[in-house]
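Below: one structure, written as structure tokens.
Please treat every number below as a calculation from the coordinates, not as lab data. Model, not experiment: these values are computed from the prediction. Backbone-built Cβ (ideal geometry, glycine too); neighbour counts: all protein chains shown.
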Amino acid sequence: MPVLPPWVSDPAGPAAREIVPLYWIMFAAAVIVLAIVDGGLIWAGMRYRERPGVPAKQFHGHNLLELLWTVIPTIMVVSFSILSFQRLLVLNDVDTGADMTIKVVGRQWSFSFEYPKEYKGVSFLTSDGTPLPAAEELHIPVNTKVKLEMTSQDVIHSFWIPNLGGKKDLVPGRTTFLALQADRVGEFKGQCFEFCGDGHADMLLRVVVHPTSEYATWAKTAIEDYNRRNSEETKAGRELFKTLACAGCHTITGLTGGKVGPPLTNIASKKDIAGVLSPVNEENLRKWISNPPGVKPGTQMPNLNLDQDTISKIVQFLLTQK
Ligand code: CUA
């Protein structure tokens, strides 16, 4: 188990880095206070204890000591307040230099996101005419200040990605803001940080940070995937897959249970089709389904003589199986 909290041992964004010094200042102060108070206590106990022939020494009042242990803690608490407040001012400034605004909605028990319509020439509009929605996983470009505009549909939730620092509640009926920025590419995990009912522990978050040059490519793929998942063609393909011969041989989790052929639940993420066609894309899937024995002589999958329209629909559906 790591000894230090993740934002101290491995801060990955300006917000996390902003509070690390404060952590160490308070930690050091706490250690010094512990040493002085407990050290003094032990020393006084030994020094003035009752011994054979020597009664325990009693004290009543000591102006200098009382002054010190009133003034020093006051100075400490006030300094901590000032330091904390300075950092709060920096952390609460979500607007300066913010390049992108993403909406966040919390509900029992998940986070969902809505990307902006457009970001630096990258369009996030789906075929529904609305910006790309997403759940649980948020994709951002590296070294980019993203302003999160957050609210809740039911109870109070809290957004926190420890390595990136900053933590903010999502409050029903109100909008709260948080700046999110990552220094390096990678994946950062988080979780709802406000107890919000039965599923609180499962209210997970993931921030995926992309290199700036690859962000547009990610967005394009994400929108294509979304559009494909929600297209009429895919829905029709799904029905066809269930009712045609496909279902008898192939398993797709939650849809069909055929055992003769390979399962196709993740076919769109596989390296090849039937070990002979690579990559798994529209063209190759179409080629395969049109005439399996023609591509791989001896394969058990027969040529079903499907028409091109049916094949298109099934291919669109299979491409959503990631
Ligand atoms: Cu949402 Cu805890």
Completion exercise
So for R0 = 25 Å, FRET eff. of Cys249-Lys220 from the Cβ-Cβ r, to 0.05, ends up at 0.15
Problem - Pairwise label distance in nanometres, Val90 with Asp154, each label 7 Å out on the Cα-Cβ vector - result: 3.8
Fill in the blank from the handout: In degrees rounded to 10, the 0-90 angle between helix 212-229 Cα long axis and the longest Cα principal axis of the chain is 50
Completion exercise
Note: Ala29 to Ile82 extended length (0.36 nm per residue) minus current alpha-carbon separation gives 17.6 nm
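Determine by what factor the alpha-carbon radius of gyration of region 125-178 differs from 2.2 N^0.38 Å, reporting the quotient. Present the calculation step by step, with values, prior to reporting the outcome.
Values: Rg = 13.0 Å, N = 54, 2.2 N^0.38 = 10.0 Å.
Dividing the Cα radius of gyration by 2.2 N^0.38 Å gives 1.29.
Among 246-257, 149-160, how do they line up from the highest to the lowest mean number of other beta-carbon atoms within 10 Å?
On the way: 246-257: 16.0, 149-160: 19.4.
Those peptides, ordered most packed to least, come out 149-160, 246-257.
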Problem - Calculated FRET value between Asp99 and His62, using beta carbons and R₀ = 41 Å, to 0.05 - result: 0.10
Completion exercise
Exposure-ranked with fewest Cβ neighbours within 10 Å first, Met46, Met100 stand as Met46, Met100
Exercise for the section: Could you work out how far the C-alpha centroid of region 38-65 sits from that of region 158-221, in angstrom? Expected result: 54
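Report the net charge of residues surrounding Lys103, where surrounding means a beta-carbon distance below 11 angstrom and charges are Lys +1, Arg +1, Asp -1, Glu -1.
Details: positive: Lys147; negative: Glu114, Glu149.
Around Lys103, the surrounding residues sum to -1.
How would Thr96, Thr101 line up from fewest to most surrounding beta-carbon atoms within 10 angstrom? Walk me through the numbers on the way to the answer.
Values: Thr96 9, Thr101 16.
Going from least to most buried by this count: Thr96, Thr101.
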Fill in the blank from the handout: Rounded to one decimal in nm, the spacing of the 7 Å Cα→Cβ label points at Ile75 and Arg286 is 7.9
Practice task
Beta carbons within 10 angstrom, averaged per residue: use that to sort the peptides 121-128, 314-321, 205-212, highest first.
Solution key: 314-321, 205-212, 121-128
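For Glu239 and Arg17, compute 0.36 nm times the residue count separating them, minus their Cα-Cα distance, and round to one decimal in nm. Could you put the intermediate results ahead of the total?
Working: separation 222, 0.36 × 222 = 79.92 nm, distance 5.16 nm.
In short, 74.8 nm is gained.
What FRET efficiency do you get for Asp38 and Glu136 if R0 is 51 Å and r is their Cβ-Cβ distance, rounded to the nearest 0.05?
Details: r = 46 Å, r/R0 = 0.91.
With a Förster radius of 51 Å, E is 0.65.
Helix-only mean residue ellipticity at 222 nm, the chain, DSSP H runs n ≥ 4 weighted -39,500 (n - 2.57), per residue, nearest 500. What is it? Please list the in-between numbers first.
Values: 9 runs with 127 residues, N = 322.
Calculated at 222 nm, the ellipticity per residue is -12500 deg cm²/dmol.
Above 35 angstrom, tally the Cα pairs of the chain and express them as a % of all pairs, no decimals.
Details: 24569 of 51681 pairs.
In whole percent, the long-distance tail amounts to 48.
What is the gain in length, in nm to one decimal, between Asn303 and Val260 on full extension, counting 0.36 nm per residue of separation less the C-alpha to C-alpha distance? Don't skip to the answer; put the middle values down first.
Values: separation 43, 0.36 × 43 = 15.48 nm, distance 1.55 nm.
13.9 nm is the gain from fully extending Asn303 to Val260.
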